[in-house]
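Each value in this text was obtained by applying a stated rule to the coordinates, not by laboratory testing. Keep in mind the model is a prediction, meaning the values are calculated, not measured. Every residue, glycine among them, receives a Cβ derived from its backbone with ideal geometry; neighbour counts consider all protein chains shown.
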Amino acid sequence: MPTDACGSQKSLSGISVTQHCVSLYQELKSKSAYRFITFKIDGSGQRVVADQCSAGNASFADFTEALPEHDSRYAVFDFAYVNADGCQLKKIIFIMWSPDTAQIKAKMMYASTKDFFKGLLPGIALEQQATEIGEVDEEEMRLRIQATLTRK
């Protein structure tokens, strides 16, 4: 896997992912340090960098408010749910936010780097691609997680 001068891993599209992004994700996953993290491709179009990190008690509404109206983002959300046995569990959702109003070049950069970036984040339970805020719905996420992950 190619790396850049800073030791960041680089995708085939030429966009690298900083080690800081991977470290933040590990803190969300293993320590529940954050409820969600958003990531963006920096202004130079060359690196994925951390955008926003929430507090561990942030709500799903806080998360949706963090998604920009006219720009793309990657995001991970530590989603808590109750399974069929009544157990409280957490699963990590990966979201590619690419609103219709985002610039076409940006949407293409995010799309071409998504699988590479997501591959650096082990333990993703569910992926959601969204172009409008209605596609990032808390109840819909809960139903999708329960349908795919809950023991029967």
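Some points to look at:
- Here each label is just a point 7 Å from Cα along the line to Cβ, and for GLU139 and ALA125 those points are 2.0 nm apart.
- Placing +1 on the Cβ of every Lys and Arg and -1 on the Cβ of every Asp and Glu, with no other charges, gives the chain a dipole of roughly 620 debye about its Cα centre.
- Site pair ASP42 and GLU132 shows an inter-label distance of 3.5 nm when each label is modelled 7 Å from Cα along Cα→Cβ.
- Placed amide H near GLU127: partners under 5 Å, 5+ positions off or other chain: PHE94
- Count, lysine Cα pairs under 26 Å in the stretch 9-149, 8 or more residues apart or across chains: 29
- Look at SER112, SER30 and count the other Cβ atoms within 10 Å of each Cβ; fewest to most, that gives SER30, SER112.
- Full-extension gain in nm, VAL22 to ASP115, via 0.36 nm per residue minus C-alpha separation: 32.1 nm
- Spin-label model distance (nm) - HIS70 vs ALA50, 7 Å beyond Cα toward Cβ: 2.8
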